[in-house]
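None of the figures in this text is laboratory data; all of them are computed from the coordinates on show. Just so you know, these numbers come straight off a predicted model, no measurement behind them.
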Amino acid sequence: MSPEPTTAELMVLVRDLADRLRRVEEVQTSAPAQIAPDAKRLTRAQVARVLNCSIMSVHRYTVRGLLVKLPKGPKQRAAYYDPANVEALARSEDHAREWVANRKYVPLGKRSR
């Protein structure tokens with residue numbers, strides 16, 4: 001059997017846990033990145049910074065229909081998002097759903113075969 005930890009060892013563990021908790025709280029309460037007022041489109045990385053999430057989460061939001069990709073040009077490879085859509089999702093998922101429901105139809109153009 002292992003011996004019981006001493007009071008000094010327990011105090012060190014408690015201090016370590018308090019430091020970790022403080023760092024987690026700092027990350028949680030940090031303000032999300034702001035969208036530039038003149039931005040016409042945002043990349044996945046920019047969206048991830050604004051929403052304070054990973055790029056994979058941005059992909060998941062897209063699959064769930066909370067984020068809508070902007071139409072691509074003929075040689076465009078990167079995915080871009082509307083800043084208003086990202087702003088709505090930053091407020092709440094309900095605002096994002098409402099934005100998607102109210103957005104105007106944007107034709108994708110003819111697809112090449």
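Worth a mention:
- Applied to segment 74-90, the Karplus parametrisation 6.51 cos²θ - 1.76 cosθ + 1.60 on θ = phi - 60° returns per-residue 3J(HN,Hα) values of x, 10, 7, 9, 6, 8, 10, 10, 6, x, 5, 5, 5, 4, 5, 5, 5 Hz, with x for Gly and Pro.
- Per-residue Karplus couplings for segment 58-73, computed as 6.51 cos²θ - 1.76 cosθ + 1.60 with θ equal to phi - 60°, are listed in order as 4, 4, 5, 4, 5, 5, 6, x, 7, 10, 10, 5, 6, x, 8, x Hz, Gly and Pro entered as x.
- Built amide H within the under 5 Å cut-off of Leu67, gap 5+: Thr62
- Rg and Dmax of segment 42-102, Cα atoms only, in Å: 10.9, 34
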